[in-house]
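Nothing in this text is a laboratory measurement; each read-out follows from the coordinates by a stated rule. Please read all numbers here as calculations on a predicted model, not as lab measurements. Note that we place each Cβ from the backbone using ideal geometry, even for glycine, and neighbour counts take in every protein chain shown.
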Amino acid sequence: MTTKRTKSSFRAMSNKRKLESVFLFVTGRCNAKCAMCFYAGEMDKKEKDLTFDEIKKISETAGEFNRLWVSGGEPTLREDLPEILELFYKNNHIKDVNLPTNGLKPDRVVEWVARFRKNCPECNINLSISLDGFGKTHDLQRGVPGNFYKALETLRKVEERFGDDGKVLKNISTVITKYNIDQVEDFMLWIFARFHTSTHTIEAARGMTRDDGMKVLTEPILRKLQDKVSPVYSAYAERMVKETSGLRKPITRFFYLGFIRTLYNVRASNIDKPTPWGMDCTAGETTLVIDYDGRFRACELREPIGNVKDYDCNVARIMQSDAMKQEIAAIGHGAKANCWCTHGCWITSSVVFNPRKMIGLVYKGYRETKKLNRPLSFDEKMLQGLENKYELDRKKLEALQQI
Ligand SMILES: C[S@@+](CC[C@H](N)C(=O)[O-])C[C@H]1O[C@@H](n2cnc3c(N)ncnc32)[C@H](O)[C@@H]1O
Ligand code: SF4
Ligand code: SF4
């Protein structure tokens, strides 16, 4: 049985700017120590997490919006996360939830996704499992021995349980750093070939990382890497359209490939220096970030401009506040825009509110991807060769196949 995905926020393109995405850091606690983590400094402050009642008020005053981006800390450490997700489904009629995890709690992830599917049947859940590279590389970047196989266990269990559920997206997210830059291409191919993932995002390390020297990308290096892995996205597009028919096939392929390339093009041109995106960034108008302790921001990369507790956790008041108005003015729009970055979530969130620009950019992106396309070639011998090259534990890999 494949369940149809609910019309997603991406497809709900609009010119009218209104709150579309809430980024909620549900906890400041984490069970990993990632070298590249942009949130480490915030977590080190060890403030208290917002309470359930405070989050309830946030949900009750936010009105309808499309997408809840959960973040943290590690979201699976927030015991009442299932109830929190249900609040936003009931009160805000969200259509998509993004749930990232470091994959250290496989059974909890499966249990919570199952509960979400049962209690929030109309909402898509984009489960994003962080995997930064093969075996030791992943564990080194994450500071947790054994994290690689745990994260793969999470992926396998999710595939096993929700493999044919079209409302559960199984995404992999990889942050490019000095540790993994030389293996990203091999890793994406291996993940595609060995698992039934829906897509695989590569992120450029941004913000203040826990350890210095993590960021190694320059524009030419990133562009070269993005071109090299482009055929993997074409293969994902074919996986995605396999179950569809008629016009849905080419339309899905066009938007998926064109959109990813657009996102990656905009990001590459911002890696060395801020460069206009070709569209407004709508941070603060269509997005709100709420830190685990209640501070709020227009986007993840700008400074907090208040605390929700000073507004009685009322999102309508926050969005209308002088603080937010000043922040939006400071970001600027059109010819006066002056803030640009590499953040994929905001490029994604802004693009849907710039539909005219978007169609042109997506068309260009789609054509570029088509030009770069070549059939992915791999077989069992080649995959085993990669597993040997990166010293993976064959017994552990075999055990994963038994799940
Ligand atoms: C802050 S984490 C929270 C969720 C969870 N703890 C995890 O690691 O998946 C959200 C996402 O940000 C990614 N991330 C962490 N540090 C980053 C950085 N400096 N630049 C870009 N992405 C980063 C993580 O790999 C993860 O995919
Ligand atoms: S990236 Fe995620 S798992 Fe890693 S330290 Fe940051 S919050 Fe924790
Ligand atoms: S361009 Fe980036 S840093 Fe600037 S407001 Fe938008 S998301 Fe934030």
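Numbers below:
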item	result
Euclidean distance between Cα centres, segment 378-398 to segment 196-261, Å	24 Å
Base-10 log of normalised Debye intensity for segment 128-284 (one unit scatterer per alpha-carbon) at q = 0.10, 0.16 Å⁻¹	-0.40, -1.02
Mean Cα-pair separation over length for segment 198-268, i.e. relative contact order, pairs under 8 Å, 6 or more apart, %	33 percent
The chain, helix-only ellipticity at 222 nm - DSSP H runs n ≥ 4, -39,500 (n - 2.57), divided by all residues, nearest 500	-14000 deg cm²/dmol
Potential extension, Arg356-Arg302 segment - 0.36 nm per residue separation minus Cα distance	16.7 nm
In segment 332-396, lysine pairs with alpha-carbon atoms under 19 angstrom apart (chain gap of 8 or more, or interchain)	4
Beta bridges by DSSP in the chain, antiparallel share as percent, to the nearest 5	10 percent
Cα gyration tensor category, rounded, prolate or oblate, for segment 79-164 with a/c compared to 1.5	prolate
Segment 121-182: translational diffusion in µm²/s, Stokes-Einstein, Kirkwood Rh over Cα pairs, 10 °C, 1.306 mPa s	126 µm²/s
Kirkwood-type radius of the chain, with distances r between different C-alpha atoms, in Å	21.7 Å
The chain, dipole about Cα centre (Lys/Arg Cβ +1, Asp/Glu Cβ -1), debye to the nearest 20	1380 debye
Debye log10 I(q)/I(0) for segment 186-261, one point scatterer per Cα, at q = 0.17, 0.20, 0.24 Å⁻¹	-0.77, -0.95, -1.14
Distance in nm between pseudo-label sites at Asn338 and Asn373 (7 Å out along the Cβ direction from Cα)	4.4 nm
Mean shadow area of segment 302-390, taken as a quarter of the surface of its Cα convex hull (nm²)	11.2 nm²
Cβ-defined net charge surrounding Arg17, 11 Å radius [Lys, Arg +1; Asp, Glu -1]	-1
Net charge contributed by nearby residues that have their C-beta within less than 14 Å of Met324 (K/R +1, D/E -1)	+2
Within a Gaussian network of the chain (alpha carbon springs, distance under 10 Å), most fluctuating of Asn126, Asn388, Asn66	Asn388
Summed residue charge, Cβ within 9 Å of Arg206's Cβ, Lys/Arg positive, Asp/Glu negative	-1
Largest to smallest principal axis extent of the C-alpha atoms in segment 145-211, angstrom	38, 22, 22
Chain lengthening between Thr244 and Leu383 when straightened (0.36 nm per residue, less Cα-Cα)	47.2 nm
Per-selection Rg to Rh, segment 228-361 - Cα, Kirkwood hydrodynamic radius	1.06
